[in-house]
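Working notes for the structure below.
The values are calculated or read from the model by the stated rules, or taken from the named source; none is laboratory data. Since the model is a prediction, treat every value here as computed from it, not as a measurement. A quick note on method: Cβ atoms are made from the backbone with ideal geometry, for glycine too, and the neighbour counts reach across all protein chains shown. Quick note on the areas: whole protein, heavy atoms, side chains included, nothing else; ligands and nucleic acids left out. Shrake-Rupley method; radii C 1.70, N 1.55, O 1.52, S 1.80 Å.
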Amino acid sequence: MNTDETPKTKIDDMIAEDRVRTERRKLMLQELLQEATDRKGYILVHSSAMGKTLTETGSPKLVPSYAATHSLEWIADNIKLGSQMPFMESKIDKETGRLVIDEENAEEVKQRAPDWTRQPALAAYLAQSSRKFGPIIAVVNPSWVDNPKHENWDSQGRALKSATEFFPLDLEGRVGLLKQEGALIYALDGQHRVIGIQGIRDVRDNPRGLVLKDKYGAEKKTAYSREEFLSKFSLTIEELQALLTETMIVEYLPAVIAGETRADASRRIRSTFISINSYAKKTDKGENILLDETDGYAIVARKAGIYHPLFNAKGKNNRVNWKNTSIPSKRTEWYTTLQTIKDMGVNYLSAVDKTRSARWDIEFRGQMPIRPTELEIDAARTQFFEFLDHVFGLPVFQTLERGDIDSRPIDVERWREFPTEEAPENKGHLLLRPIGQTILASAVGQLVKSREDGGKGMSLDAVFKKLKLLDEQGGFSANKPSTVWFGVTYDP
């Protein structure tokens, strides 16, 4: 026997045995965990704690929360809207669906009812492949919470136990089971996400499809049929069913914590809701376009702002206000805004290609568009850049291009601003203002649109030959009574 191989063999055997033990422990843990999570009325959660109760007497306690993963179908079936919480239901006007706020319930109303007109747009977003909803924050509300005479409230109106019952599965209490049996779940943050998910479920289950509702949830006579919905988003009924098996996070908060009065708990929940909605900074319109990866018009506008010489000649001059929707009078380096470039793209591209417009335009108010293919984006970019090439060739922009770089701010101001006693030489040129650029794109789009689609069927060359002559004759000076713009785009 070769003694040199003996130690190696022993080591190999030890490694193999260790792997077997590890695999056995893994299987045992899986079985134990499966047995625990199979308990009816309980869900597996990850626990955390942040902030303290608002009680004015006694020792404040950490506020626990529990994160769980649920299928979209489970959410649609089991999570109610915050506006449906029992203490609010008796204060809802049965005819209008509006909450009636009076002295009796004003302190307890902590959640606005959702706007049901947003449901179609949210359902449409979920029907896209690039969907992603953030976590829902929900309140666990056992029935006893809404019964002041229940034995879980003491004589002073303080809760003797918390609304959530958590059973840890590890020594540190990080992972465990949360009891849901006998409790109602209300969305504190995420009501609109819930109704969006319910919209997908309704398309699957309701023969009428997605029934449209007014702001307060009352059904209208019109509906978006299942066939229309599936066709619009290129889905099958099987894909719709698979969509509802996808999962997302729900974070649970207790409706009341041991030691709290009902008023304490209500203030805590309301404070949480306000903080969630107050500290989320809304992005500006320009920032939205910069970040948008689904709207074809936004993508093309972004490319134009970066690469087209009208807005960035030779890469030296940034002529676009990327953030806001207007141009301050003193910002003479800017020709336009990113929002305006997008509006120009919408006005022109939707006119010259009716088929593309049908694909790129949204179906519902507030809906996120479906991202076009790269081939469609490249084709739209080519068309839009061809239009911008002609705009860039107009006398106003060519004159500014030929000017001295040091005098550019003065030149732009002189061309853009209206004449005054101090500056009678100002031209008030419409195309150096965002409103004029969107008007131009819309007008050219209608002229280039085919006759079959209701346009004039002209070529870009023919249109801009006339526009060049108009510009040379001062036809874009909105301050002149002889122009068609006088008194239309500004108040003289």
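Among the residues of the range 176-211, which ones are in a strand (DSSP E or B) and open to solvent by less than 50 Å² (accessible area, probe 1.4 Å)?
GLY176, LEU177, LEU178, ALA183, ILE185, TYR186, ALA187, LEU188, ASP189, LEU210, VAL211, listed by residue number.
Starting from residues that are under 24 Å from the mean Cα position of the chain (by Cα) and outside any helix (DSSP H, G or I), keep the ones in the range 297-352 and report whichever is nearest to PRO409 (Cα to Cα).
Residue satisfying both the conditions and the ranking: ASN321.
Here are some conditions: (1) touching a Lys or Arg at 6+ places or on another chain (Cβ under 8 Å); (2) within 28 Å of SER450 (Cα to Cα); (3) among the charged types (D, E, K, R). ASP353 meets all but one. Which one does it not meet?
Among (1) touching a Lys or Arg at 6+ places or on another chain (Cβ under 8 Å); (2) within 28 Å of SER450 (Cα to Cα); (3) among the charged types (D, E, K, R), ASP353 violates only (1).
Determine if the range 242-249 includes at least one residue that is in a helix (DSSP H, G or I) and in contact (Cβ under 8 Å) with a residue 60 or more places away in the chain.
yes
Please count how many residues of the range 416-435 are open to solvent by 30 Å² or more (accessible area, probe 1.4 Å) and over 38 Å from the mean Cα position of the chain (by Cα).
Count: 8.
Would you check if ASP264 is surrounded by 18 or more Cβ atoms within 10 Å (Cβ to Cβ), touching a strand residue (DSSP E or B) at 6+ places or on another chain (Cβ under 9 Å) and modelled with pLDDT under 85? Step through it out loud before you land on a result.
On the way: surrounded by 18 or more Cβ atoms within 10 Å (Cβ to Cβ): yes; touching a strand residue (DSSP E or B) at 6+ places or on another chain (Cβ under 9 Å): yes; modelled with pLDDT under 85: yes.
It is true that ASP264 is surrounded by 18 or more Cβ atoms within 10 Å (Cβ to Cβ), touching a strand residue (DSSP E or B) at 6+ places or on another chain (Cβ under 9 Å) and modelled with pLDDT under 85.
Within the range 324-343, count every residue that is out of contact with any strand residue (DSSP E or B) (no Cβ under 8 Å at 6 or more places or on another chain) and either at pLDDT 90 or above or not small (Gly, Ala, Ser) (or both). Spell out how you get there, then give the answer.
Within the range 324-343, the first condition is being out of contact with any strand residue (DSSP E or B) (no Cβ under 8 Å at 6 or more places or on another chain), and the residues that meet it are 328-330, 332-333, 339-340, 342-343.
If we keep only those that are either at pLDDT 90 or above or not small (Gly, Ala, Ser) (or both) too, we end up with 328, 330, 332-333, 339-340, 342-343.
Within the range 324-343, residues that are out of contact with any strand residue (DSSP E or B) (no Cβ under 8 Å at 6 or more places or on another chain) and either at pLDDT 90 or above or not small (Gly, Ala, Ser) (or both) number 8.
For the subset of the range 445-479 comprising residues that are surrounded by 15 or more Cβ atoms within 10 Å (Cβ to Cβ) and without any contact (Cβ under 8 Å) to a residue 12 or more places away in the chain, which member is nearest to GLU417 (Cα to Cα)?
That would be GLY475.
Just to be sure I understand the filter: pairs with C-beta atoms under 6 Å, separated by 6 or more residues or on different chains, first member in the range 298-311 and at negative phi and open to solvent by less than 10 Å² (accessible area, probe 1.4 Å), second member of a type in the set (Lys, Arg) and part of a helix (DSSP H, G or I). Which pairs pass?
Every condition considered, the pairs that remain are ALA298/LYS342; VAL300/ARG381; ALA301/LYS342.
May I ask you to verify whether SER350 is within 20 Å of VAL463 (Cα to Cα), open to solvent by less than 40 Å² (accessible area, probe 1.4 Å) and not hydrophobic (A, V, I, L, M, F, W, C)?
Spelling it out, SER350 is indeed within 20 Å of VAL463 (Cα to Cα), open to solvent by less than 40 Å² (accessible area, probe 1.4 Å) and not hydrophobic (A, V, I, L, M, F, W, C).
Filter the range 120-164 for residues that are of a type in the set (Asp, Glu) and not in a helix (DSSP H, G or I); which is surrounded by the fewest Cβ atoms within 10 Å (Cβ to Cβ)?
Applying the first criterion (of a type in the set (Asp, Glu)) to the range 120-164 yields 146, 151, 154.
From what's left, not in a helix (DSSP H, G or I): 151, 154.
Working: GLU151: 9, ASP154: 11.
Ranking the qualifying residues of the range 120-164, first place goes to GLU151.
Of the conditions (1) open to solvent by less than 50 Å² (accessible area, probe 1.4 Å); (2) over 18 Å from THR337 (Cα atoms), SER442 satisfies every one except a single condition; which number is it?
Only one criterion is unmet by SER442, namely (2).
Within the range 43-75, which residues are assigned to a strand (DSSP E or B) and within 21 Å of ARG267 (Cα to Cα)?
Residues satisfying the conditions are SER48, ALA49, MET50, GLY51, LYS52, LEU62, VAL63, PRO64, SER65, TYR66.
Only one of LYS52, LYS94, LYS8, LYS40 is open to solvent by 100 Å² or more (accessible area, probe 1.4 Å), closer than 24 Å to ALA187 by Cα and modelled with pLDDT under 80. Can you tell me which?
Within the list LYS52, LYS94, LYS8, LYS40, the selection yields LYS94.
With the requirement that a residue be at pLDDT below 90 and open to solvent by 30 Å² or more (accessible area, probe 1.4 Å), what does the range 232-260 give you?
LYS232, SER234 - these are the residues of the range 232-260 that are at pLDDT below 90 and open to solvent by 30 Å² or more (accessible area, probe 1.4 Å).
I'm trying to understand the selection: among the residues of the range 216-229, which are surrounded by 14 or more Cβ atoms within 10 Å (Cβ to Cβ), in contact (Cβ under 8 Å) with a residue 40 or more places away in the chain and not aromatic (Phe, Trp, Tyr)?
Correct list: GLY217 only.
For the range 379-398, indicate whether the set of residues that are in contact (Cβ under 8 Å) with a residue 40 or more places away in the chain and at positive phi is non-empty.
The answer is no, given that none of the residues of the range 379-398 is in contact (Cβ under 8 Å) with a residue 40 or more places away in the chain and at positive phi.
In this structure, is VAL256 under 24 Å from ASN78 (Cα atoms), assigned to a strand (DSSP E or B) and not hydroxyl-bearing (Ser, Thr, Tyr)?
no
What pairs come up if the first residue lies in the range 420-435 and is within 15 Å of ILE327 (Cβ to Cβ), the second is in a loop (DSSP other than H, G, I, E, B) and open to solvent by 20 Å² or more (accessible area, probe 1.4 Å), and their beta carbons are under 6 Å apart, counting only those six or more places apart or on different chains?
GLY428/PHE418; GLY428/ASN479; LEU430/TRP485; ILE435/THR489
Assuming LYS40 fulfils every condition listed in (1) assigned to a loop (DSSP other than H, G, I, E, B); (2) free of Cβ contacts under 8 Å to residues at least 12 places away in the same chain apart from one, which condition is it?
(2)
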